[in-house]
Amino acid sequence: MNSHENEIAVGKRFEFGKNWQRFLSVLNDERIAVAEQSLKRMLKTDNLEGKRFLDTGSGSGLFSLVARRLGATVHSFDYDPQSVACTQELKRRYFPNDPQWQVESGPILDTAYLSKLGTFDIVYSWGVLHHTGAMWQALENTQMLVAKNGFLYIAIYNHQVYWSAFNIRMKRLYVRSPVVGKWFITISFIAFQVFKGLIKDLIFLRNPLQRYKDKKTSRGMSTWHDWIDWIGGYPFEVAKPEDIFHFYRDNGFILMELKTCGGGHGYNEYVFQAVTI
């Protein structure tokens, strides 16, 4: 049994890759096009020709696919074997036998492994580093992968004064529970979220279905699979936007783009440029 399988077995890690495998069943051209637009919007470019793109924790492989469609030479890696399989599957579907897209297994916490990769024009890690069990070390390790004047695009869960501690306990309970317990937590959480959203929509006279449409049109993702990822996503760490900003500023990066979740329990997205490394 390898270290990843052992972490799953003893209730220390969520099976992210299994959730991504299910997501691939609903992935279509529309979702891919939306994901492509979201990447172009944050990076402020329509073309990645001639760029080296590193997908750190590639998950479903969707954004590796998008980067390759935009012309980048792509290197994808993930710690979760099933996530690696998902990325390989998307490569097989859309870019079979393409030498400009490499997919492999690898941990962001292993500096010996990272040192062999070299540097990249764009290092992308969306919703990954806070699931490593050592977020600040993972954030530090990403620096060695960014080329001079290159870009680092990351998304990190937002810190909430009261809810973050609750969410850690919920996720830890989820990964340590039997199947029945997992379903109970899932149904309870989703029922609460739907009810809370419905109340807000009624108060502000909004379409109750709009928030789910927005999820699909923001990054091409699936509300259901994102919910499962959120409920079970353990290990789990959070950070305030200013802490991420200060960390990278003090290490020679400048903030080029920022998109916050408005103080909620979602992600804050950052695009940094390496200017003095």
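Read-outs: derived from the displayed coordinates by stated rules, not from any lab. This structure is a prediction, so every number in the text was calculated from the model and none was measured. Methodologically, a virtual Cβ is constructed for each residue, glycine included, from the backbone with ideal geometry; neighbour enumeration extends over all protein chains shown.
What number, rounded to the nearest 500 deg cm²/dmol, is the helix-based mean residue ellipticity at 222 nm of the chain, given -39500 (n - 2.57) per DSSP H run of at least four residues and division by all its residues?
The helix contribution divided over the chain gives -14500 deg cm²/dmol.
If you put +1 on each Lys and Arg Cβ and -1 on each Asp and Glu Cβ, how big is the dipole of the chain around its Cα centre, in Debye rounded to 20?
That gives the chain a dipole magnitude of about 720 debye.
Can you pull out the GluC sites (Glu not before Pro) in segment 18-107 that DSSP calls coil and that have at most 15 other Cβ atoms within 10 Å?
Working: sites: 30, 36, 49, 89, 104; in loops: 49.
Of the GluC sites (Glu not before Pro), the ones in loops of segment 18-107 whose Cβ has at most 15 other Cβ atoms within 10 Å are 49.
Specify which labelled value, from [x] 19.3, 59; [y] 18.3, 54; [z] 21.3, 70, agrees with Rg and Dmax of the Cα atoms in Å derived from the coordinates of the model shown.
Checked against the structure: label [y].
Which order do the peptides 257-265, 141-149 come out in when sorted by mean C-beta neighbours inside 10 angstrom, highest first?
The most tightly packed comes first, giving 141-149, 257-265.
Using alpha carbon centroids, what distance separates segment 223-277 and segment 138-159, in Å?
9 Å
Obtain the nm distance between the two label points defined at residue 3 and residue 276 by a simple spin-label model: each point lies 7 Å from its Cα along the Cα-to-C-beta direction.
Output for this residue pair reads 3.3 nm.
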